[in-house]
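The values are calculated or read from the model by the stated rules, or taken from the named source; none is laboratory data. None of the values given here were measured: they were computed from a predicted structure. Note that each Cβ is placed from the backbone with ideal geometry, even for glycine, and that neighbours are counted across all protein chains shown.
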Amino acid sequence: MSNTITLRIETAVYNHRRYGRPWIAQVDFKTNPRGDYQWGAWIGDEGDAGLLTLDAKAGDVVATGQKDFRKPGSLSTEFFIVGEDGSLRKVSRVDAFNHQTQTA
């Protein structure tokens, strides 16, 4: 069993009138094909650069994103698999789903 890794991802300055706050979550596809999200934290002030934090383990699927208010229903979401060293390997939603459901 692997140890908990605290992920820390810096975020850039953004236009808070156009975009929502950045977010991070651990995603579980094992019982829900759309994913069950356990939210991490964003530390910062609206519109300023900040820091996303989340406790995860190697092999977990993590997603990050940010809502675009000008495009209703638009949400930029990226999926990653956490490495043994805490590194994040970017994957598609399908690859993230397959990673969890094929190794479960």
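Picking from residues in the stretch 85-94 that are out of contact with any Leu (no Cβ under 8 Å at 6 or more places or on another chain) and assigned to a loop (DSSP other than H, G, I, E, B), the one that is surrounded by the fewest Cβ atoms within 10 Å (Cβ to Cβ) is Asp85.
Phe97 meets each of the listed conditions (1) part of a strand (DSSP E or B); (2) crowded, with 18+ Cβ neighbours inside 10 Å; (3) not polar (S, T, N, Q) apart from (1). Between Trp23, Trp39, the distinction of being exposed (fewer than 15 other Cβ atoms within 10 Å of the Cβ), within 23 Å of Arg93 (Cβ to Cβ), within 17 Å of the chain's Cα centre (by Cα) and modelled with pLDDT of 95 or more belongs to Trp39 only.
Taking strands (runs of 3 or more DSSP E) as the structural unit, those lying wholly within the stretch 13-58 and holding at least 2 residues that are under 24 Å from Ile81 (Cβ atoms) and of a type in the set (Gly, Ala, Ser) correspond to 50-57. Scanning the stretch 59-84 for residues that are in contact (Cβ under 8 Å) with a residue 12 or more places away in the chain, in a loop (DSSP other than H, G, I, E, B) and farther than 21 Å from Pro33 by Cα yields a total of 4. When we screen Gln38, Gln102, Gln66 for residues that are among the polar types (S, T, N, Q) and touching an Asp or Glu at 6+ places or on another chain (Cβ under 9 Å), the only hit is Gln38.
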